[in-house]
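See structure below.
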Amino acid sequence: MAIDKKINQLHKLINTTKPIRNLCLGLLTSLTFLPIVAHASNEGYRYIRVRHSDKCLHVNGNQGIGNGVAATQWQCVDQNNLKWKLEAAPGGNDYYFIRSKFSDKCLQIDGASMDNGAAVTQWDCVNQNNVKWKFVSAGEGYFYIKAKHSDKCLQVDGGSLENGARISQWDCVNQSNVKWKVGQIVN
């Protein structure tokens, strides 16, 4: 909790003057994420927001808690199917499981596909590379969330702004529908 408070104070300070903001932006991006992943399994659940729509990563609660339920974007409301925990994955190298509070399952690329457009769904948190994710800075506090098996990124299909828009993997291009921000703890 103290780490989150310090990060918020740093954000406020940097955003008060433009020269300071521009000077510190890259450093803040790294520092903001460091405590999130370093203690991820101990700190709780967070929203993961996509830049272009400011909506949250979501699993469709109406489809249940089983394997294969699709990941979508949705307005960030206080529901467990929008809350995620980052847990260090076996094998190290800064890869994480992204675990849903709603189902206790992890994000994965369906069928371990290597293709652009392959569906992102929830699955048991197994030690397979299509269930492991790396967070790579995209600047300004946003990250590319890259699948270990394909080196492709989470994205909102077609840059849709709609609730329920499908999440898939795509090349890590410099577009706002491929950039994500990990929020404060919400539990």
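Length gain on complete extension for the stretch GLN79 to ASP151, per 0.36 nm per residue less the alpha carbon to alpha carbon distance? Could the numbers behind the result be given before it?
Values: separation 72, 0.36 × 72 = 25.92 nm, distance 2.99 nm.
Gain on extension, GLN79 to ASP151, equals 22.9 nm.
Please give the length that would be gained between GLU140 and SER160 if that part of the chain were fully extended, namely 0.36 nm times their separation in residues minus their C-alpha to C-alpha distance (nm, one decimal).
Details: separation 20, 0.36 × 20 = 7.20 nm, distance 2.16 nm.
Contour length minus the Cα-Cα distance gives 5.0 nm.
Is the shape of region 101-186 rounded, prolate or oblate, going by the alpha carbon gyration tensor and its root eigenvalues a ≥ b ≥ c, with a/c under 1.5 for rounded and a/b larger than b/c for prolate? Intermediate results must be reported in sequence, preceding the final value.
Working: a/c = 1.33, a/b = 1.19, b/c = 1.12.
Note, shape of region 101-186 comes out rounded.
Using θ = phi - 60° and the Karplus form 6.51 cos²θ - 1.76 cosθ + 1.60, what ³J(HN,Hα) does each residue of region 66-79 get, whole Hz, x for Gly and Pro?
x, 5, x, 5, 5, 8, 9, 9, 8, 3, 6, 10, 7, 9
Would you work out if region 35-187 is rounded, prolate or oblate? Take a ≥ b ≥ c from the square roots of the eigenvalues of the alpha-carbon gyration tensor; rounded if a/c is under 1.5, else prolate when a/b is larger than b/c, oblate otherwise. Display every interim value, and only then the final one.
Details: a/c = 1.09, a/b = 1.04, b/c = 1.05.
It comes out rounded by the Cα gyration axes.
So what are the radius of gyration and Dmax for the Cα set of region 64-103, in Å?
In order Rg, Dmax, the Cα atoms of region 64-103 give 12.0, 34 Å.
Bear in mind these aren't lab numbers, they're just calculated from the coordinates by the rules spelled out. All values reported here derive from a predicted model rather than from experimental measurement.
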